[in-house]
Each structure stands twice: as C-alpha cells, then as structure tokens.
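Worksheet for the structure shown next.
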Amino acid sequence: MNKLTYYEQIKDALEVARTTGSLSEVEIVLNKRLARQAEKLSRAYVSSVLPIVDYIVRKKIEVDNIRIIARCKQSGLSPEMIKKLLVI
C-alpha cells in the first residue's frame, strides 16, 4: 500500500481508521487532496475542461461542508468537532 503516491498524506488517517473503524478521516484527507489536484491541473491547463472540473469539485465540497454543518448543529456537536469534519 505504501507504493501509492499519496500514501504519506493519508498514512495518519489510515492509522486512525484502523483504531476507530471509521473511514471519515481518510475521506477528508482524500477530498482535500482531490481539491488540490483539481486546482493544480486547472491552472496548468487553463484552456481545457479542467477549470470546469475544478469548479465542480469545489462546489461539491462546499455543499458537503454545508450539509456537515447543518447535521452536526442539529445533533448538538461542538464547533471543534464540526471543524474537524470539514474539508477546508
């Protein structure tokens, strides 16, 4: 598994997933990586469809963050926990 190019970025999240059984940490790290990659590629290939893909990825993350905030506030979670779940 450590042959992946992004293993170093998700290594800590995988350890948390092994101990807790929850993959939410891994999902957050991968979503952050996806956003960074989409931005990087959209800046490199400005005249392609990649800026549109970057926009769509960022809007999906924004909608997911709004849903996380709404559901966590409804559940009564602390602001620190909510910040931990957001992809920023």
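Computed from label points 7 Å out along Cα-Cβ, the spacing between LYS11 and SER78 is 2.9 nm. Measuring nothing but alpha carbons in the chain and taking Rh as the Kirkwood radius, the Rg to Rh ratio lands at 1.04. Listed by chain and number, the lysines whose alpha-carbon sits under 26 Å from that of LYS60, ignoring those within fewer than 8 places in the same chain, are LYS11, LYS32, LYS40, LYS73, LYS83, LYS84.
Every read-out reported here was derived from the displayed coordinates using simple, explicitly stated rules and does not represent laboratory data. Given the structure is predicted, the values throughout are model-derived calculations rather than measurements. Cβ coordinates were reconstructed from backbone atoms using ideal geometry, including for glycine residues, and neighbour counts include every protein chain displayed.
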